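For reference, the structure discussed in these notes is given below.
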Amino acid sequence: MKNLKVIFMGTPEFCVPILESLIKEYNVLAIVTQPDKEVGRKKEIVYSPIKKRALEHNIRVLQPIKIRDEYEDIINLKPDIIITCAYGQIVPEIVLNYPKYGCINVHASLLPKLRGGAPIHKAIINGYAKTGITIMYMDKGMDTGDMISKVEVKIEDNDTAESLHDKLQKAAVPLLLETLPTIIDGTNKREKQNNEEATYAYNVSREDEHIDFNKTSREIFNQIRGLNSWPGAYAILNDKNIKLWLSKISDKKYNEKPGTIVSIDKNGMEVVTKDGSILITELQLSGKKKMNIKDFINGNKKEDYLSKVLK
């Protein structure tokens with residue numbers, strides 16, 4: 001099916017193996033990705049991961065600032081199908097309706113659960129036992145189109161957003177390659193989403209990153225690992241932010257106020273929660289690098305932290 005003309009839309013690292021698989025099997029006319037970003041004080045131009053890979057393969061790169069106004073180059077390429085994954089903009093109907101095989105999306109959840117831009121983070125934060133990949137036809141709504149195929153991925157207690165990202169990325173490629181021929185020959189079975197079962201995974205906000213120790217230990221544990229390795233959970237100690245990267249749930253109970261640091265030893269920094277306590281095992285003080293609890297103990301005085309309250 002090398003003659004199938006494909007345009008791929010995507011931006012982050014998650015999409016790179018998908019693009020690579022399409023290049024091997026089909027005629028990728030171009031990729032569409034978000035505009036380049038200026039990063040740091042020097043305002044250095046940084047390409048998206050998908051742009052870097054496309055350039056390595058001498059594939060045309062399109063970067064509309066607003067695709068709803070700048071779609072002519074896409075249509076002029078006359079694609080047979082458009083495939084998107086974590087692109088980051090709403091694709092206008094004129095583009096959705098153009099390809100003869102439609103526009104499909106590779107979404108990192110089991111739709112209709114976790115529609116939106118942060119399904120990997122929110123699957124862990126919300127305490128889901130499983131998530132997965134859904135391949136769907138796109139429509140004008142946010143991840144509301146008819147579903148074509150799915151694969152489930154189990155979420156373990158030791159998963160972080162980073163490890164779950166990698167598991168889902170690995171699952172996406174074979175599912176897409178198995179699904180595409182059924183789209184082309186018309187043998188796939190479209191399934192409408194049940195909107196009553198829909199949940200949403202909006203992009204992570206600064207409020208989502210803040211740990212409230214009035215929550216349960218399990219909720220805090222999920223929030224911390226669901227934000228690791230980006231953007232990271234935080235609390236406030238002595239008017240400074242402290243990042244919390246890894247934790248373990250403790251079975252101990254305390255009468256102290258939630259957020260109170262009750263002990264620090266090789267097992268972790270123990271902090272009181274709504275229903276017990278949690279052990280912080282990897283953290284990052286303001287202006288410092290990440291450190292495990294052993295390094296924290298070696299470089300800091302316990303008395304400066306014991307009985308203090310994380311807010």
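The values are calculated or read from the model by the stated rules, or taken from the named source; none is laboratory data. Predicted model, so just to flag it, every value in this text is computed and none were measured. Cβ atoms come from the backbone with ideal geometry, glycine included; neighbour counts cover every protein chain shown.
Can you pull out every residue in segment 68-79 that is in a loop (DSSP other than H, G, I, E, B) and within 13 Å of Ala30 (Cβ to Cβ)?
Within segment 68-79, Tyr71, Leu77, Lys78, Pro79 meet the criteria.
Test Asn3 against the stated conditions and say whether it is surrounded by fewer than 16 Cβ atoms within 10 Å (Cβ to Cβ), modelled with pLDDT under 95 and among the polar types (S, T, N, Q).
So Asn3 passes the test.
At pLDDT below 95, charged (D, E, K, R) and not assigned by TED's automatic domain parsing to the domain that holds Trp245, is that true of Lys113?
Working: at pLDDT below 95: no; charged (D, E, K, R): yes; not assigned by TED's automatic domain parsing to the domain that holds Trp245: yes.
No; evaluated as a whole, the condition is false for this residue.
Within segment 133-157, how many residues are under 17 Å from the mean Cα position of the chain (by Cα) and within 30 Å of Thr281 (Cβ to Cβ)?
Number of matching residues: 5.
Condition (residue is in contact (Cβ under 8 Å) with a residue 60 or more places away in the chain, assigned to a helix (DSSP H, G or I) and surrounded by 13 or more Cβ atoms within 10 Å (Cβ to Cβ)) applied to segment 226-234: is it met by at least one residue?
Here is the first cut: in segment 226-234, the ones in contact (Cβ under 8 Å) with a residue 60 or more places away in the chain are 226-230.
Now restrict to residues that are assigned to a helix (DSSP H, G or I): 226.
Retained after the next criterion (residues that are surrounded by 13 or more Cβ atoms within 10 Å (Cβ to Cβ)): 226.
Yes, segment 226-234 has at least one match.
Can you tell me which residue within segment 169-197, out of those that are farther than 14 Å from Ile135 by Cα and among the acidic types (Asp, Glu), is surrounded by the fewest Cβ atoms within 10 Å (Cβ to Cβ)?
Glu196
How about segment 265-291: which of its residues are assigned to a strand (DSSP E or B), in contact (Cβ under 8 Å) with a residue 40 or more places away in the chain and surrounded by fewer than 21 Cβ atoms within 10 Å (Cβ to Cβ)?
Selection gives Gln284, Leu285.
Looking only at segment 62-76, how many residues end up being surrounded by 17 or more Cβ atoms within 10 Å (Cβ to Cβ) and either hydrophobic (A, V, I, L, M, F, W, C) or not assigned by TED's automatic domain parsing to the domain that holds Thr33 (or both)?
Final tally of qualifying residues: 3.
Is it the case that Leu55 is of a type in the set (A, V, I, L, M), at pLDDT 95 or above, closer than 21 Å to Thr134 by Cα and outside any strand (DSSP E or B)?
For Leu55, the condition - of a type in the set (A, V, I, L, M), at pLDDT 95 or above, closer than 21 Å to Thr134 by Cα and outside any strand (DSSP E or B) - is not met.
Out of (1) closer than 30 Å to Lys311 by Cα; (2) surrounded by fewer than 18 Cβ atoms within 10 Å (Cβ to Cβ); (3) out of contact with any helix residue (DSSP H, G or I) (no Cβ under 9 Å at 6 or more places or on another chain); (4) of a type in the set (Ser, Thr, Tyr), what's the single condition that is false for Tyr200?
(3)
Looking at (1) outside any strand (DSSP E or B); (2) at pLDDT 95 or above, find the lone condition where Thr134 falls short.
Status for Thr134: all satisfied but (1).
Looking at segment 132-143, is at least one residue surrounded by fewer than 21 Cβ atoms within 10 Å (Cβ to Cβ) and either in contact with a helix residue (DSSP H, G or I) (Cβ under 6 Å, 6 or more places away or on another chain) or assigned by TED's automatic domain parsing to the domain that holds Ser247 (or both)?
yes
Can you pull out every residue in segment 151-199 that is polar (S, T, N, Q), free of Cβ contacts under 8 Å to residues at least 24 places away in the same chain and in a helix (DSSP H, G or I)?
Listed by number, the list holds a single entry, Ser163.
With the requirement that a residue be within 18 Å of Pro99 (Cα to Cα) and surrounded by fewer than 22 Cβ atoms within 10 Å (Cβ to Cβ), what does segment 29-48 give you?
Listed by number, the residues that qualify are Leu29, Ala30.
Taking segment 238-264 as the search range and keeping residues that are outside any loop (DSSP other than H, G, I, E, B) and charged (D, E, K, R), which one is nearest to Glu219 (Cα to Cα)?
For segment 238-264, the residue satisfying everything is Lys248.
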